[in-house]
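Structure first, then comments.
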Amino acid sequence: MSAPQRRDFLRTSVASVSALPALAAAGTADHPNERVLLAVMGLRGRGKDHIRTFTSFKDVEIAYLIDPDENMVPAALKLVSQRQQKAPRVEKDIRKALEDRNVTAISIAAPDHWHALATIWACQAGKHVYCEKPISHNLIEGRRMVQAARKYNRVVQAGTQRRSAVHLTSAREFVRAGRLGKVPFVQTWIAGHRPSIGRKQDGPAPSGVDYNLWLGAAPERPFNVNRFHYQWHWNWDYGTGELGNNGIHALDMARFVLDLDAPLRITSAGGKYFYDDDQQTPDTMITTFEFPQTALTWEHRLWSRTGFEGEESWIAKAGTPGTAWQQPISTARWKARTSAISWIASRTANGPMRTSRKDTRARACATWAISPCAWGACCTLMTRQSP
């Protein structure tokens, strides 16, 4: 696209979708039948997860696979062929799928800068939406997505699915029952030990990549591998850094458990203090969200193997009688612990919690304060008494 074309990208694209025939805009989303026809946008890591998950439902058919990088298509097609008989159509442009009146919904696993545009277009075209986290690239876009969902009466689901986990509902009930007392402080963090992405020179886009389409409404820049697959997370034009990548999960779970609405004030500090590379977003950051009765913090140190308490990632809710800890445990760590699960739990204000040692994953998840999360991970919930 030339510069003038790029400036007109949003205006002309919205106009083209708005001009869809009324019948196409209504689509089967308003006339449900025995099958949901789904278009999956973005076919790399999360897109494949979407394919695996949605095709586990007998009433869902993957009708479209969409990605501006045709190199992502073969693996996605193979995955779909293992789960359904009918092959999906392959497109580079989401608008092709939105023109199909038979498509019920779209599933968006594209980079953050595409979330709002694809969602708004889909709502205008009469489709329902599942959109990966973070829901939007920025606050204004998020508000426009909500407005589109309301205006066109569409169901738009955000990818903060961890709040649906059984253990989190249990934690919410625990706090609401007053067993943690007042909770004036909540601390969330991740370390992760992400390696440096180094520095790369600009160059031509790989064969099979429609780079202009991948950019969408983002500013026009030369292609660079450090601004492309996955590494886009660390560039402000396309991503939201670690706060929007993993922080969204921890913050959403904390807000859900404590029933927090919007913060009154947000302050943040950090920057590129450790790595000397092409990343633009902070490798070190601490953010405080102030609510009427609670201060909620997020911290990440991408260069560190561990955070507070020697753990890579936690959510700590500090109450008057004790502190509730929630620890995500990766599937890999579970494999190492299936024959010997041990975790520490001490007394709460209402007595001791039970602990499990030398137990299998299945029994631990069913019996103790450990339960499966979405995407095959597990979490523990435990408390300890304040000194």
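The values are calculated or read from the model by the stated rules, or taken from the named source; none is laboratory data. Everything numeric here is computed off the predicted structure, so don't read it as measured data. In this analysis, Cβ positions are derived from the backbone assuming ideal geometry, glycine residues included, and neighbour counts consider all displayed protein chains.
Just to be sure, is Arg176 closer than 27 Å to Glu299 by Cβ and surrounded by 14 or more Cβ atoms within 10 Å (Cβ to Cβ)? So that I can check it myself, show each step before the final result.
Details: closer than 27 Å to Glu299 by Cβ: yes; surrounded by 14 or more Cβ atoms within 10 Å (Cβ to Cβ): no.
It is false that Arg176 is closer than 27 Å to Glu299 by Cβ and surrounded by 14 or more Cβ atoms within 10 Å (Cβ to Cβ).
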Practice task
For residues that are in contact (Cβ under 8 Å) with a residue 60 or more places away in the chain and in contact with a helix residue (DSSP H, G or I) (Cβ under 6 Å, 6 or more places away or on another chain), scanning just segment 254-281, find the one that is nearest to Pro204 (Cα to Cα).
Solution key: Asp278
Practice task
Sort out which residues of segment 80-100 are more than 16 Å from Gly47 (Cα to Cα), more than 24 Å from the chain's Cα centre (by Cα) and surrounded by 14 or more Cβ atoms within 10 Å (Cβ to Cβ), and write them in order of number.
Solution key: Gln84, Lys96, Glu99, Asp100
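In segment 136-149, which residues are aliphatic (A, V, I, L, M), touching a residue at least 12 places away in the same chain (Cβ under 8 Å) and surrounded by fewer than 22 Cβ atoms within 10 Å (Cβ to Cβ)? Step through it out loud before you land on a result.
The initial filter retains those residues of segment 136-149 that are aliphatic (A, V, I, L, M), namely 139-140, 145-146, 148-149.
Those still in the list that are touching a residue at least 12 places away in the same chain (Cβ under 8 Å) too: 145, 148-149.
Answer for segment 136-149, where residues must be aliphatic (A, V, I, L, M), touching a residue at least 12 places away in the same chain (Cβ under 8 Å) and surrounded by fewer than 22 Cβ atoms within 10 Å (Cβ to Cβ): Ala148, Ala149.
Can we say Pro4 is part of a helix (DSSP H, G or I), loosely packed, with under 15 Cβ neighbours inside 10 Å and either at pLDDT 95 or above or among the hydrophobic types (A, V, I, L, M, F, W, C) (or both)?
Details: part of a helix (DSSP H, G or I): yes; loosely packed, with under 15 Cβ neighbours inside 10 Å: yes; either at pLDDT 95 or above or among the hydrophobic types (A, V, I, L, M, F, W, C) (or both): no.
So Pro4 fails the test.
If you check Tyr130, Tyr211, Tyr152, which single one turns out to be hydroxyl-bearing (Ser, Thr, Tyr) and surrounded by 20 or more Cβ atoms within 10 Å (Cβ to Cβ)?
Values: Tyr211 fails: surrounded by 20 or more Cβ atoms within 10 Å (Cβ to Cβ); Tyr152 fails: surrounded by 20 or more Cβ atoms within 10 Å (Cβ to Cβ).
Of Tyr130, Tyr211, Tyr152, the one residue that is hydroxyl-bearing (Ser, Thr, Tyr) and surrounded by 20 or more Cβ atoms within 10 Å (Cβ to Cβ) is Tyr130.
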Problem - Residue satisfying condition, being at pLDDT below 95 and either on the phi > 0 side of the Ramachandran plot or surrounded by fewer than 21 Cβ atoms within 10 Å (Cβ to Cβ) (or both), within set Val73, Val14 - result: Val14
Exercise for the section: Of the numbered conditions (1) touching a Phe, Trp or Tyr at 6+ places or on another chain (Cβ under 8 Å); (2) surrounded by 22 or more Cβ atoms within 10 Å (Cβ to Cβ); (3) touching a residue at least 40 places away in the same chain (Cβ under 8 Å), Ala118 fails exactly one; give the number of that condition. Expected result: (1)
Completion exercise
Trp189 fails exactly one of (1) in contact (Cβ under 8 Å) with a residue 24 or more places away in the chain; (2) over 30 Å from Arg172 (Cα atoms); (3) touching a strand residue (DSSP E or B) at 6+ places or on another chain (Cβ under 9 Å), namely (2)
Handout entry: Candidates Asn224, Asn212, filtered to the one that is polar (S, T, N, Q) and touching an Asp or Glu at 6+ places or on another chain (Cβ under 6 Å)
Key = Asn224
